[in-house]
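Just so you know, all these numbers are worked out from the coordinates, no wet-lab data involved. Please read these numbers as outputs of a predicted model, since none were measured by experiment. FYI the Cβ positions are ideal-geometry reconstructions off the backbone, even for glycines, and counts take in every protein chain you see.
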Amino acid sequence: MHCFFDLDGTLADTDPDIRGSWKAALRDLGMECPDFDEKFVAGPPFDEMARILFPDRYTQELADSIRELFARHYDHDGFPLTREYPGVLDAVRKLRERGDKVYIITNKRFVGATAMARHFGWDLVFDAVYAGDMHRDDPIGVLRKPALLKLVMEERGISAADAVLVGDTALDFEAAAANGVRSVGVEWGYGTQDELAAADARVASAAEMLSVI
């Protein structure tokens, strides 16, 4: 079995560090967003969140500026407030021990995702890390999660029947459905009840996740 895991809200509670770095980037730019805490969600692609926060001011140039400043804060602070969800990584290790392939597939920037994987030792657990912007500088370009999952499955020769995607938000379940892959929604993440309803199965604990997979 090939098991794909979302990162933010699935493997770890990353919201405090992401939220803090976003706010720091906006301060660097001298920008105010009074309803930031109301609108912000960790997990969606960077450009999509910038568009949500600044619908009347959004430009690609603005998103790129925020991204650059965000990276300066986020990639080098050691992720002090990020916490693994209890038991989830142990469950992933058990999947690998039984012979399954396990991957991270995320909307995070590739640099940030791989830095986090090294910091927490996930690079020793997962077979690979895939991020939507990992092909930003080549002809493939930036991919949303449905297209990224399709690309990875094609490159690795993975059939839909031999794959499962574990996530917490609508984009995870959209990616799975678009590729004919079974989805598992975790109830400890950032997804709403409506979003979780789109998953093929829902789990409330790491142990339950392991048994469903």
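Going by neighbour counts of Cβ atoms within 10 Å, the residues Ser211, Ser65, Ser21 line up, fewest first, as Ser211, Ser65, Ser21. Structural descriptor for the chain: relative contact order 25 percent, calculated from alpha carbon pairs under 8 angstrom and at least 6 residues apart. In this entry, the range 15-74 is assigned a mean projected area of 3.6 nm², taken as a quarter of its C-alpha convex hull surface. Stretching the chain fully between Asp200 and Phe36 yields a gain of 55.9 nm (0.36 nm per residue, less the alpha carbon separation).
Taking the Cα centre of the chain as origin and assigning +1 to Lys and Arg Cβ atoms and -1 to Asp and Glu Cβ atoms, the resulting dipole is close to 440 debye.
Between the range 134-213 and the range 10-50, the C-alpha centres lie 22 angstrom from each other. The length gained by stretching the chain between Leu62 and Lys23 to full extension, at 0.36 nm per residue less their Cα-Cα distance, is 12.6 nm. Please state the shape class of the chain: rounded when a/c is under 1.5, otherwise prolate if a/b exceeds b/c and oblate if not, all from the C-alpha gyration tensor. Prolate is the answer for the chain, as a/c is 1.5 or above and a/b outweighs b/c.
Remark: spin-label model distance Arg98-Leu124 equals 2.3 nm, labels positioned 7 Å along the Cα→Cβ axis. Look at the dipole of the range 15-74 built from charges on Cβ: of Ile52, Phe40, Tyr74, the Cα furthest out on the positive end belongs to Tyr74. For the pair Leu151 and Arg83, label points projected 7 Å from Cα toward Cβ lie 3.5 nm apart. Please give the residues of the range 160-197, grouped as numeric ranges, whose backbone N is less than 20 Å from a label point set 7 Å along the Cα-to-Cβ vector of Ala207. Output list for this probe position: 185-189.
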